[in-house]
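Only one structure is covered here, and it is reproduced in the block below.
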Amino acid sequence: INFENNPRSTKEENEVTTSSTPATQLENISSSVEMITDASNADSSSDSPSSTPVKLRDITEIYARCNMSIIEPENFAEASKDKAWKRAMEIEMEMIEKNETWELVDRPSDKPVIGVKWVYKTKLNLDGSIQKHKARLVVKGYAQKPGIDFNETFAHVARLDTIRTLIALAAQKGWKLYQLDVKSAFLNGVLKEEVYVDQPDGFVTTNYEDKVYKLKKALYGLKQAPRAWYEEINSYLVSCGYVRSTSEATLYCKTKEDSGTLIVSIYVDDIQCKSVSIPLVASEKLCKDDGSEPTDENEYRQIVGSLLYLTATRPDIMFAASLLARFMHCPTKKHYGTAKRVLRYIQGTIDFGIEYQKGKEAILIGYCDSDWSGSQDDMRSTSGYAFSFGSGAFSWASVKQHSVALSTAEAEYVSASEATTQAIWLRFVLEDFGELQTEATPLMVDNTSAIAMTRNPVFHQKTKHINRRYHFIRDALQDG
């Protein structure tokens, strides 16, 4: 509440802020607001700008909507002073010991010992109240050296297209869908390499201060932790009779005549303003050098990163998010303002979602489109596609094309070719689900010239310069 323009700002009102209890503060501030309202009403007959009616809200509503500032400890010394954080660290250590993650050994002379640190995070409920204090012991993975304490680090991660495909199909078929969260998943990965870490602050074993821990299983922060976890869950599912998909490495299926089919998909979840009706201004174009001043690069990247994460369930901002992502380096005030507009759009559409309906015929349908020379910097076009089973979309993308299109027909042709590759991959995934697409997948294109170029296998003047890989769509059409 801003009292700067109140002519009745006196010592009596200033004393409001020195009340001893929040309840007294709330009562006194409410009285002050009433006095300001009365003063405004008394001068309402004046024609001066200061007599303009002011819209005031109840102070209890404002007080209830205030965001509480929660300061998390930056190091062990700070956290050790609070009982809640001490208990959170104890819980983390109990989990590590229960999982038989390490064993206490003598400090090796021929192997490096990696340091560890505590990371603290406050988990909140939807209403802003504290759910729990979470402490996590993290390895300083940046000190690891390739070939010494780690080798392979690559781990498969499920594509969100796969997750949404499964959800859409389950809704359409009326299947039972379960979600399971593996607590401290990375701690289950068994290590093949020899890795040694220091004893953590606050939990150094008495009389064994010189010893270190030899890891038998992974800790968060290790470069090979994701791979170790994936190999562990992969070997377990295979031993249980599940068959891994050849099209999606994190998709497993198991079929029995007496009990039906089980499908398992593994994925990683680490997931104030006036609203507007559309995320972008249709006539506005963005470019690297737009003449405006540079903005805070770090904050811009945080906003765009959050928007890209949100595209997992919001196809309506896919184009806007991918467009803004092109200006991560040296963004300007105009780019920042455009990003804020997308946030305003989200604020007004916070209850939007994707509806997957039961009973619809499970026929894969694709839609594709493109703009022509939408990028002002390199004059390249942008391709976009979406796929559904007749209800909600479950697979979508918006990607800049690799080459400059000389016409709208060429831009649409390239977009259709890229959508075709996605359609074929989705057909493979659906086959793994047991939903073989016996009929050809219809792909909706709104450019007659592009459709004609697809159906006509002859290379002529208008198509001879198109990259050969985009003519893949012709083979797909001929193969049905």
Checklist outcome for this item: Per the filter on region 439-459, residues more than 14 Å from A409 (Cα to Cα), modelled with pLDDT of 90 or more and among the aliphatic types (A, V, I, L, M) are A440, L443, M444
Checklist entry - Taking V414, is it touching a helix residue (DSSP H, G or I) at 6+ places or on another chain (Cβ under 8 Å), farther than 23 Å from A168 by Cα and at pLDDT 85 or above? => result yes
Checklist outcome for this item: Counted residues in region 376-388 being more than 22 Å from R455 (Cβ to Cβ), surrounded by 17 or more Cβ atoms within 10 Å (Cβ to Cβ) and either over 25 Å from the mean Cα position of the chain (by Cα) or among the aliphatic types (A, V, I, L, M) (or both) come to 2
Item to check | Cβ pairs under 8 Å, 6+ apart, first in region 231-243 and in a helix (DSSP H, G or I), second among the small types (G, A, S) and crowded, with 17+ Cβ neighbours inside 10 Å | outcome: E231/G189; E232/G189
Checklist outcome for this item: Exactly one of T246, T206, T250 is within 21 Å of the chain's Cα centre (by Cα) and among the polar types (S, T, N, Q), and that one is T250
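Which is surrounded by 10 or more Cβ atoms within 10 Å (Cβ to Cβ), of a type outside the set (S, T, Y) and more than 30 Å from E431 (Cα to Cα), of K285, K274?
Numbers: K274 fails: surrounded by 10 or more Cβ atoms within 10 Å (Cβ to Cβ).
Criteria check complete, one pass: K285.
Looking at this structure, is Q302 over 30 Å from S391 (Cβ atoms), at pLDDT below 90 and of a type in the set (S, T, N, Q)? Before you say what the answer is, go through the steps one by one.
On the way: over 30 Å from S391 (Cβ atoms): yes; at pLDDT below 90: no; of a type in the set (S, T, N, Q): yes.
For Q302, the condition - over 30 Å from S391 (Cβ atoms), at pLDDT below 90 and of a type in the set (S, T, N, Q) - is not met.
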Next on the checklist: When you scan region 325-335, do you find a residue that is within 15 Å of S398 (Cα to Cα), out of contact with any Ser or Thr (no Cβ under 7 Å at 6 or more places or on another chain) and either among the basic types (K, R) or surrounded by 12 or more Cβ atoms within 10 Å (Cβ to Cβ) (or both), even just one?
Outcome noted: yes
Checklist entry - When S391 is evaluated against the numbered criteria (1) outside any loop (DSSP other than H, G, I, E, B); (2) open to solvent by less than 50 Å² (accessible area, probe 1.4 Å), which criterion, by number, is the only one it fails? => result (1)
Checklist entry - Tally time: how many residues in region 257-270 are in a loop (DSSP other than H, G, I, E, B) and within 26 Å of the chain's Cα centre (by Cα)? => result 5
Next on the checklist: Of everything in region 100-112, what is out of contact with any strand residue (DSSP E or B) (no Cβ under 6 Å at 6 or more places or on another chain) and among the polar types (S, T, N, Q)? Give them in sequence order.
Outcome noted: S109
Next on the checklist: So, in region 394-432, exactly how many residues are among the aliphatic types (A, V, I, L, M), part of a loop (DSSP other than H, G, I, E, B) and open to solvent by 20 Å² or more (accessible area, probe 1.4 Å)?
Outcome noted: 2
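The values are calculated or read from the model by the stated rules, or taken from the named source; none is laboratory data. Worth saying up front: this structure is predicted, and the values here are computed from it rather than measured. All Cβ positions, even for glycine, are placed from backbone atoms using ideal geometry, and neighbour counts span all protein chains on display. Calculation scope for accessible area: heavy atoms of the full protein, side chains included, ligands and nucleic acids excluded. Shrake-Rupley method; radii C 1.70, N 1.55, O 1.52, S 1.80 Å.
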